[in-house]
Amino acid sequence: MNIMNLRICITTCFLLFITCVKGQELNITNDIKKFRNSIKQDANNELVLLKKIIPTAVMDIRYATTNNFTGEILYEPEFELYVRKPVAEALKKVQSTFFDKGFGIKIFDAYRPYSVTVKMWKLIGDERYVANPAKGSGHNRGISVDLTLIELATGNELDMGTGYDHFSDTAHHSFEHLPLNILENRQLLKKTMESHGFKALETEWWHYHFIWPKSFDVMNLKARQLQRMH
């Protein structure tokens, strides 16, 4: 175990201990067998590989590279994007809606292992931009997605005013001191996502979570564990 992984492990154990003490223990799934059993009980629990469901979507997995706010590689090289089954079905409809308008979706992140959220929290520690591990996140539960829009004709991203993971007021939905075309681009993404069951995060124009009547468990499964299931 390298030093980075050791630090993440120690921090995770500490946070879990604190959570238990407060009587708010998270139900974290690390065991692939437990996960398989949960799918047998409810097919909606499945983490679906997005590139199979939406092959026309562009996958730009930032946390598998150094091109992210940490400057570090947080995901394994073989990491791919997954979401819960109903989320994947909704995103497929989103992509179809945008296709009719000459646009497509580019996805930066979806399911995120809990251990990665712990590391992000250590770096930022601001709940406006990073989930508190004591609560777990929509990404950890496989119901959140980070994305933007591209032009089908050119492959270029629509101008959203900031890049991905830009942690300032400028990235907030309520920030209106921007050119009209940028505000319209953000509104186009938001309106379409919300029409298919997603809710926007106020502080991040790229982040949406899917509204579902049941609560999904927090997941800490690695890429290789998920790949064995597909």
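General observations
- Verdict on TYR114 being over 20 Å from PRO213 (Cα atoms), touching a Gly at 6+ places or on another chain (Cβ under 8 Å) and buried (at least 22 other Cβ atoms within 10 Å of the Cβ): yes
- Candidate set: the range 135-188, residues that are among the β-branched types (Val, Ile, Thr) and part of a strand (DSSP E or B); chosen: the one farthest from PHE99 (Cα to Cα): VAL145
- Within the range 52-75, residues that are within 15 Å of HIS166 (Cα to Cα) reach partners that are among the acidic types (Asp, Glu) and not in a helix (DSSP H, G or I) with beta carbons closer than 6 Å, at six or more positions or on different chains, in the pairs PHE69/ASP165.
- Near pairs, Cβ below 6 angstrom, 6+ apart or cross-chain, from the range 157-172 (over 14 Å from THR70 (Cβ atoms) and touching a residue at least 24 places away in the same chain (Cβ under 8 Å)) to any residue that is surrounded by 15 or more Cβ atoms within 10 Å (Cβ to Cβ) and acidic (Asp, Glu): ALA171/GLU204
- Some residue of the range 139-155 being surrounded by 18 or more Cβ atoms within 10 Å (Cβ to Cβ), among the hydroxyl-bearing types (Ser, Thr, Tyr), over 17 Å from VAL87 (Cα atoms) and touching a residue at least 60 places away in the same chain (Cβ under 8 Å): no
- Residue selected from the range 3-47 under the condition at pLDDT below 95 and acidic (Asp, Glu), by the criterion nearest to ALA88 (Cα to Cα): ASP31
- Considering (1) under 24 Å from GLU78 (Cα atoms); (2) among the basic types (Lys, Arg); (3) within 18 Å of the chain's Cα centre (by Cα), the lone condition that LYS199 does not fulfil carries the number (1).
- Pick from the range 54-90, criterion touching a Gly at 6+ places or on another chain (Cβ under 9 Å) and small (Gly, Ala, Ser), ranking: nearest to HIS209 (Cα to Cα): ALA90
- Across the range 35-78, the number of residues qualifying as among the small types (Gly, Ala, Ser) and under 16 Å from the mean Cα position of the chain (by Cα) comes to 2.
- Filtered residue count, the range 77-105, keeping only those that are surrounded by 13 or more Cβ atoms within 10 Å (Cβ to Cβ), outside any helix (DSSP H, G or I) and not hydrophobic (A, V, I, L, M, F, W, C): 4
- Residues in the range 106-129 that are modelled with pLDDT of 90 or more, hydrophobic (A, V, I, L, M, F, W, C) and in a loop (DSSP other than H, G, I, E, B): ALA110 only.
- Tally, over the range 189-206, of residues that are assigned to a helix (DSSP H, G or I), out of contact with any strand residue (DSSP E or B) (no Cβ under 7 Å at 6 or more places or on another chain) and surrounded by 16 or more Cβ atoms within 10 Å (Cβ to Cβ): 1
The values are calculated or read from the model by the stated rules, or taken from the named source; none is laboratory data. Because the structure is predicted, anything quoted here is derived from the model rather than measured. Ideal geometry is used to build each Cβ from the backbone, glycine not excepted, and the neighbour counts take in all protein chains shown.
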